[in-house]
1. Would you confirm whether or not the stretch 120-132 contains a residue that is surrounded by 15 or more Cβ atoms within 10 Å (Cβ to Cβ) and over 29 Å from Ala196 (Cβ atoms)?
2. In the stretch 147-167, what residues are within 13 Å of ligand 2 (Cβ to nearest atom) and in a loop (DSSP other than H, G, I, E, B)?
3. Can you pull out the residues in the stretch 56-85 that are in contact with a Phe, Trp or Tyr (Cβ under 9 Å, 6 or more places away or on another chain), of a type outside the set (S, T, N, Q), part of a loop (DSSP other than H, G, I, E, B) and more than 16 Å from ligand 2 (Cβ to nearest atom)?
4. Search the stretch 128-145 for residues that are within 10 Å of ligand 1 (Cβ to nearest atom) and pair each with any residue that is of a type in the set (S, T, N, Q) and in a loop (DSSP other than H, G, I, E, B) when their beta-carbon atoms are under 9 Å apart and the residues are at least 6 apart or on different chains.
5. Take the conditions touching a Leu at 6+ places or on another chain (Cβ under 8 Å), part of a loop (DSSP other than H, G, I, E, B), in contact (Cβ under 8 Å) with a residue 12 or more places away in the chain and not small (Gly, Ala, Ser) and apply them to Pro117. Does it pass?
6. Does Ala110 satisfy the criteria of being of a type in the set (Gly, Ala, Ser) and either over 15 Å from Ala215 (Cα atoms) or without any contact (Cβ under 8 Å) to a residue 40 or more places away in the chain (or both)?
7. Enumerate the pairs (first residue in the stretch 21-37 and touching a residue at least 40 places away in the same chain (Cβ under 8 Å); second residue anywhere and of a type in the set (D, E, K, R) and surrounded by 17 or more Cβ atoms within 10 Å (Cβ to Cβ)) with beta-carbon separation below 8 Å, excluding pairs fewer than 6 apart on the same chain, so at least 6 apart or on different chains.
Amino acid sequence: MTDLFDGFEIAGPAREPLAPGAVLLRGFAQPHATELLAAIEAIAAQAPFRRMITPGGHQMSVAMTNCGSVGWVTDRSGYRYDPVDPDSGQRWPAMPPLLRQLAEQAASEAGFAAFAPDACLINCYEPGAKMSLHQDRDERDVGAPIVSVSLGLPATFLFGGLKRSDKTQRYRLAHGDVVVWGGPARLAFHGVAPLADGEHARLGRRRINLTFRRAR
Ligand code: SIN
Ligand code: FE2
C-alpha cells in the first residue's frame, strides 16, 4: 500500500468484507475529516482525553473521551455507560449532528438501516498505545452495529471471531477508513496492535478512533 499524499492512497477495493456482517469502507470519512477533527477538538476542550483505569487496576494506554447522551467509562468498579463524565461531574458533550449523520450513513452503506447511535467513544492512540482483543458487549441491545472511524496515523486492526481463541485477521486502517460490524459479527473479538510511530499531516504522532454505539 503506497501513500501518495495525505489522505489519498492506493488501497484496493473501497469496500472490503471482513466477515458476514462486517465491512471495511475505505476512505468513507475522508471528505469530512476537517469537520470531524474540529468537532473532536471542541469535545476534548469540554471533556479532555484521559487514560482510564481498568477494573483490574491497570491504566489503559489509549486516552479516551466521549460524546453523546451516554459515554463509555471504566474504573475500579467495572465498565459502564454513564451520562456523566466522572472527571467533571457534567454530562458528556452532545453528539454533533455531523458525527451522527456520518455514522448513520456508514451503517446504512453496510446494510444496517436506521442506526441511531447514542454514544460515541473517542480513542486517542500515541505510538505504542494498543487495545487488547475484546468484544463490545456493554451495550443493552446488540441488535445495532458498531461504526468505527479512523483518523490520523494508520493502525493495524485485529478482527477475529466470536471466540477469543478464533484466528484474527489484520487490516491496516488509515485516515478516513470506516469499519462497520453488526448482525452475525456484532460480538466479534477485535483489537488494535501497538501503534507504530509516524507523523501524520493532520494529527502528528496520533491516531484518533471514534466508535459509535447504540448503548441504551
Ligand atoms: C475499540 O474497539 O473501541 C477501538 C477500535 C479502534 O481503535 O480501531
Ligand atoms: Fe471495541
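1. Step one: filter the stretch 120-132 for residues surrounded by 15 or more Cβ atoms within 10 Å (Cβ to Cβ), giving 120-126, 129-131.
Subsequent filtering for residues that are over 29 Å from Ala196 (Cβ atoms) retains none.
No - not one qualifying residue is present in the stretch 120-132.
2. Within the stretch 147-167, Gly160 is the sole residue that qualifies.
3. Residues of the stretch 56-85 that are in contact with a Phe, Trp or Tyr (Cβ under 9 Å, 6 or more places away or on another chain), as a first pass: 61-73, 79-85.
Next, from what is left, pick out any that are of a type outside the set (S, T, N, Q): 62-64, 67-68, 70-73, 79-85.
From what's left, part of a loop (DSSP other than H, G, I, E, B): 62, 70, 83, 85.
Scanning the stretch 56-85 gives Pro83, Asp85.
4. Ala129/Ser61; Lys130/Ser61; Met131/Ser61; Leu133/Thr168
5. On the way: touching a Leu at 6+ places or on another chain (Cβ under 8 Å): no; part of a loop (DSSP other than H, G, I, E, B): yes; in contact (Cβ under 8 Å) with a residue 12 or more places away in the chain: yes; not small (Gly, Ala, Ser): yes.
So Pro117 fails the test.
6. Numbers: of a type in the set (Gly, Ala, Ser): yes; either over 15 Å from Ala215 (Cα atoms) or without any contact (Cβ under 8 Å) to a residue 40 or more places away in the chain (or both): yes.
Yes; evaluated as a whole, the condition is true for this residue.
7. As it stands, the answer is Gly21/Arg186; Leu24/Asp177; Leu25/Asp177; Arg26/Asp177; Gly27/Asp177; Phe28/Asp177; Ala29/Asp177, since those pairs meet every condition given.
Every number here is computed from the coordinates shown, using simple stated rules; none is lab data. It should be emphasised that the depicted structure is a prediction, and the values quoted were computed from it without experimental measurement. When we count neighbours, we look across all protein chains shown, and the Cβ atoms used for this are built from the backbone with ideal geometry, even at glycine.
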